[in-house]
1. Among B:Trp120, A:Cys70, A:Gln207, whose Cα lies farthest out toward the positive end of the dipole of the protein assembly as shown, if unit charges sit on the beta carbon of Lys, Arg (+1) and Asp, Glu (-1)?
2. Per residue of the range B:198-215, in order, report the coupling 6.51 cos²θ - 1.76 cosθ + 1.60 (Karplus, θ = phi - 60°) as ³J(HN,Hα) in whole Hz, putting x for Gly and Pro.
3. Can you give the extra length, in nm with one decimal, that the chain gains between B:Ser134 and B:Asp203 once fully stretched, where that is 0.36 nm per residue apart less the Cα-Cα distance?
4. What do you reckon, how do A:Lys174, B:Lys20, B:Lys123 stack up by accessible area (1.4 Å probe), largest on top?
5. For A:Val32, what accessible area in Å² do you get when you roll a 1.4 Å probe over the heavy atoms of the protein chains, rounding to the nearest 10?
6. Over the protein assembly as shown, with a single point scatterer placed on each C-alpha, what log10 of the ratio I(q)/I(0) does the Debye formula yield at q = 0.12, 0.13 1/Å?
7. Give a residue-ordered list of calculated ³J(HN,Hα) values for the range B:9-22 (Karplus: 6.51 cos²θ - 1.76 cosθ + 1.60, θ = phi - 60°; whole Hz; x for Gly, Pro).
8. With +1 on each Lys and Arg Cβ and -1 on each Asp and Glu Cβ, how big is the dipole of the range B:77-199 about its Cα centre, in debye rounded to the nearest 20?
Amino acid sequence: MLSAVTASFPNGIGLGLRFDMARRFLDEQPDVAFVEIHPENYLRRGGLYRELLDRTLQRYPVLTHGLTMCFGHSSPFDRDYLHDLKRFLREVRTPWHSDHLCFGGAGGVFAHDLLPIPFTEEALTTVVQRFTEARDALDVELAFENVSYYAAQSDDPLDEARFCVEVLERADAKIMLDVNNVFVNSRNFGFDPRAWIDLIPPQRVVQMHVAGHLVRADGLRIDTHGEPIPDGVYDLLEYTLRRVGPRPVLLERDNNIPTLEELLAEVRRLEAVYERALETTGAA
Amino acid sequence: MTTLPPLEELQRNALDTCFKRAPTDADFERLGDAKRWRVYRSMVRARLRRVNEAALPRTRRALGDAAFGELFSAWLDEAPPRTRYFREVPMGLLEHALPCLAQDERPWLADLARYELATWRVKQLDDREVPPTSDLSFDRPPVLTPALELLDVGWSVHRARKTHDYRKGPFHLAIYRSRDHRAVTMELNPLARDLVKSWRGGDEPLTERVRRVAEERNTAIDQGFLESLGAMLADFLERGIVLGSRA
Ligand SMILES: [Fe+2]
């Protein structure tokens, strides 16, 4: 079961607050269920970003999604960061916080990207330990996001889902299920994305992401968050919602940000998918 | 699958391969899926390059893509980013590149980069933690906005924008964040620069600071001085550089 806090957050389709669209978005205040923000963009920062955040908090429920905690990191946590983050999460009143199942640096150096971890017992132990430590320090419900990855980490690509399930169980964790990432990986590594979704215990899913991605000339799909959502991702979202039930679903768009009208048209299409999926489960 | 080294070593190797100037085939192969780790290397570098170019657009144009790319590669190879805040990444690049820029035959180049980065930083500085403030009083310590950078440059890099025919200085710049979040640059005379510098931090009342700076500059505190000081303080209060006095 979802906890009371988790269950009380508005379900439906939300948008990420991104600098390129934020001012118009906040001037017009369109109906979206929630707004997702990256704490790293606001921690220890004033100026325009802070003003945009304050305006967002006045109007929308906010969810937080970190970029640099990276549960697969093998270096120890930066205590100052956890301290600042904890304060920030309280300030924006997020019911949970999520970050990625990957690593983003080593030995104090940051790649500023999401790099893949092998699906090994050693990595599992690291992730479970780090996840638990972060949740204790932040004192908030914590979820990890499954990432898109490009370098094979196992002979059987469904090992990624099995790895996620192990983390969920061993750390009593939640997952921020990125449907686009499952789709991208399924095309890059040749597996059935529904089989991947089927392995995840529905009650562990707190939130979902959907996005578009780039298909390179050589066929490799890259999770750019810079394209419209393709039909395959809409279909997989519908399938996942039927299985999991109503959850907050975020449209991620970080690059090539289109006009607000185009973004909202995507939100409305997602809402239609959402309604349809939940009608058939009777959960809407 | 190839057998991988322990996680920590694998992650260090991965970062090393992304950042070193000329990784070998063996560097990629020890990560497992060599072909795709090449994709990671180019993605990581492209992203970092973009933020540096966004922070230093005029410096990049002045240098040209190849020379900028050379500074970028040297930085990643020798002193890769150690900040988790993406917006602070260019600070690391500049710190590393500055000695090299200072050697350039264009004597204004390092100043241009320092100036661009100061304006980049001013737009972000956290100004939420200021002490409680009351109306400005000479008997109490002044409170300045934390969103302020004082920068001395040898050339007028803050004036020309497209051409590089800068005037020789020195110029004492105060770059602050306006209420509508722009970075605004003011030129200060040496006395005003010293005054503003003396107003940051500390517990001394404003009078003491003014007296000390006037003394160091051999400036008499006469009617003219007081009038200029009054006008300067009024202007700085209006701009939000001086916030008032500590309550
Ligand atoms: Fe995502």
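1. Sorting the options by dipole projection puts first B:Trp120.
2. 6, 7, 8, x, x, 10, 5, x, 4, 3, 4, 5, 4, 4, 5, 5, 4, 5
3. So the chain would gain 23.3 nm between B:Ser134 and B:Asp203.
4. B:Lys123, B:Lys20, A:Lys174
5. 10
6. Taking Cα atoms of the protein assembly as shown as identical point scatterers yields -1.18, -1.31.
7. These are the phi-based 3J(HN,Hα) values: 5, 4, 5, 4, 4, 5, 5, 4, 5, 5, 9, 6, 4, 9 Hz.
8. 360
The values are calculated or read from the model by the stated rules, or taken from the named source; none is laboratory data. Because the structure is predicted, anything quoted here is derived from the model rather than measured. Glycine gets a Cβ as well: all are built from the backbone with ideal geometry, and neighbour counts include every protein chain shown. Calculation scope for accessible area: heavy atoms of the full protein, side chains included, ligands and nucleic acids excluded. Shrake-Rupley method; radii C 1.70, N 1.55, O 1.52, S 1.80 Å.
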